[in-house]
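Values quoted throughout were computed directly from the atomic coordinates according to the rules given, and no laboratory measurement underlies them. As the structure is a prediction and not an experimental result, all values here were calculated from the model. Methodologically, a virtual Cβ is constructed for each residue, glycine included, from the backbone with ideal geometry; neighbour enumeration extends over all protein chains shown.
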Amino acid sequence: MYPIIAENIVYPLGDLIFQTSVIKYFHWLQKTQWWSPEQLKDLQDRKLRTLITHAYNKAPYYKKLFSNLGLMPSDIQTTEDLSKLPVLTKEDIRTHFDELKAADFDSHKPIPNATGGSTGEPLRYYISKDVSSINWASMYRGWSWAGYGFGDKRATLAGSSLIPGQSPSMFTRMRSAVERNLPLSAVHLNKEILSSYATRLASYKPDFLRGYPSAIYTMADYLKHTNIDTIKPKAIFTTAEMLLPNHREAIESQFGCKVFDQYGAYDGGGQAMECELHQGFHITVEKAIMEILDVKGNTSPPGESGRIVVTDLHNYAMPFIRYEVGDIGIMSNQPCACGRSLPLLKSIEGRTTDIIKFSNGVTIAGPAVTLMFKDREVKQYQLVQEAHNELTVSIVKNNNYTDVDTNKLLGVLKHHTGSGIHIHINFCDHIPNEPNGKYKFIIQKQG
């Protein structure tokens with residue numbers, strides 16, 4: 001009964017109150033997933049032309065960029081024409097932050113956001129309320145492929161409040177209640193916390209479980225070794241880090257259901273999700289253009305890895321055109337047997353996140369680390385586990401960094417790593433890449 005009420009009354013009322021369009025976009029996306037490839041391509045091209053014209057007329061960065069390149073908006077007519085424009089990097093965004101904001105910025109109801117930096121470099125940006133609406137709508141569509149309906153009970157084992165003793169906001173608590181979501185922080189996990197979560201999950205009986213793959217795997221492993229076999233959701237949604245094959249197998253075995261993996265690069269609008277056939281990740285092409293580029297900046301052939309570059313077709317507040325998100329992926333040229341025309345991302349190659357395991361039994365996964373740095377005045381960071389009880393944190397400061405940032409960061413780190421762990425802060429001007437040219441924000445040196 002509640003799912004019917006949720007979809008027809010509760011969520012539409014939420015859209016009215018918060019001036020969003022989640023339900024409208026959800027029903028539209030349920031239709032567009034069955035459109036032909038030609039229809040979807042035409043939709044992208046039309047949205048791209050409108051976005052380019054807006055960016056050129058309203059955002060000083062793009063006006064100057066087009067002028068320097070000798071281009072006009074009319075030169076970008078299709079997705080293929082995007083190659084005429086350079087890739088937008090995180091450093092470009094930091095350097096030209098205000099110039100990227102549209103002149104009519106406020107009219108798009110901008111929402112401040114930030115990444116913790118899965119590449120070790122936090123990034124602040126704005127999305128429009130329209131972006132937020134279609135992001136949630138496409139998320140719900142992806143979940144529906146696993147049988148999820150509005151208002152179905154779910155539990156989330158992922159990021160939560162990182163500040164010791166800080167309670168969720170009233171809005172967050174209300175949203176969780178309305179969505180029937182049980183939030184469980186995965187910032188750090190130990191036997192006591194896992195035992196508590198097992199009890200709460202067994203009592204709550206969620207229809208769906210969502211969270212970081214490493215956290216859900218840790219939960220599954222705990223349940224297996226404690227012979228707890230009463231938590232049986234209909235499906236599990238994993239997100240925020242790469243799902244390892246052995247983790248998928250262990251999770252599905254313990255919980256007795258399928259895992260539906262998801263890729264999201266919300267700073268750039270990119271999103272892709274597995275359907276019921278698990279043949280790859282269906283890209284949400286209705287709201288963003290996703291490219292896979294090789295080292296020379298050319299399109300990587302299907303089956304070959306390359307940098308993921310995304311153009312958000314809905315962010316008119318702060319347009320990101322050809323934004324390099326910092327991930328590596330492989331595109332597929334095979335249609336999915338499910339019948340949806342949404343193209344497939346074959347795999348994500350560059351989002352594996354290390355799990356730090358300390359001698360006191362505490363584990364901390366990469367997504368939780370990125371949240372710790374999300375609101376700090378930090379340009380770049382790296383965590384090196386020198387020993388099972390020792391952690392060195394290297395930090396490249398932003399100009400506004402103060403001792404307050406150090407004290408807050410140390411407080412959060414000490415709380416979540418637990419007793420007996422020695423934490424060292426190392427300030428530096430630059431954090432070098434690994435010998436293979438890749439940057440790692442978590443390094444484990446202990447034997």
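The table for this structure:
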read-out: The range 20-114, Rg to Rh (Cα coordinates; Rh as Kirkwood inverse mean 1/r); value: 1.02
read-out: In sequence order, calculated HN-Hα J values of the range 78-88 (Karplus, 6.51, -1.76, 1.60; Hz; x Gly/Pro); value: 9, 4, 5, 6, 4, 5, 6, 9, x, 6, 8
read-out: Rg over Rh, two decimals, the range 376-444 (C-alpha only, Kirkwood Rh); value: 0.98
read-out: Relative compactness, the range 288-347, computed as alpha-carbon Rg over 2.2 N^0.38 Å; value: 1.21
read-out: Amide H partners (placed H, <5 Å) of residue 237, local residues excluded; value: 209, 210, 211, 260
read-out: Evaluated over the range 252-366, the Cα radius of gyration and Dmax, each in Å; value: 16.2, 49
read-out: FRET E, pair residue 99, residue 359, Förster distance 30 Å, beta-carbon r, rounded to 0.05; value: 0.05
read-out: Other-chain or far-sequence residues with amide H under 5 Å of residue 326's (modelled H); value: 308
read-out: Amide hydrogen neighbours beyond the local backbone of residue 300, cut-off 5 Å, H modeled; value: 292, 293, 294
read-out: Residue 42-residue 224 FRET efficiency (beta carbon distance; Förster radius 51 Å; 0.05 resolution); value: 0.55
read-out: Descending semi-axes in whole angstrom, ellipsoid equivalent of the range 201-304, from the Cα gyration tensor; value: 32, 14, 11
read-out: Flagged links, alpha-carbon separation over 18 Å, of 153/191; 287/379; 64/109; 205/232; value: 153/191; 287/379; 64/109
read-out: Contour minus Cα-Cα distance for residue 299 and residue 173 (0.36 nm per residue); value: 40.9 nm
read-out: Candidates per chymotrypsin sites (Phe, Trp or Tyr not before Pro) in the range 34-98, loop by DSSP, up to 14 other Cβ within 10 Å; value: 34
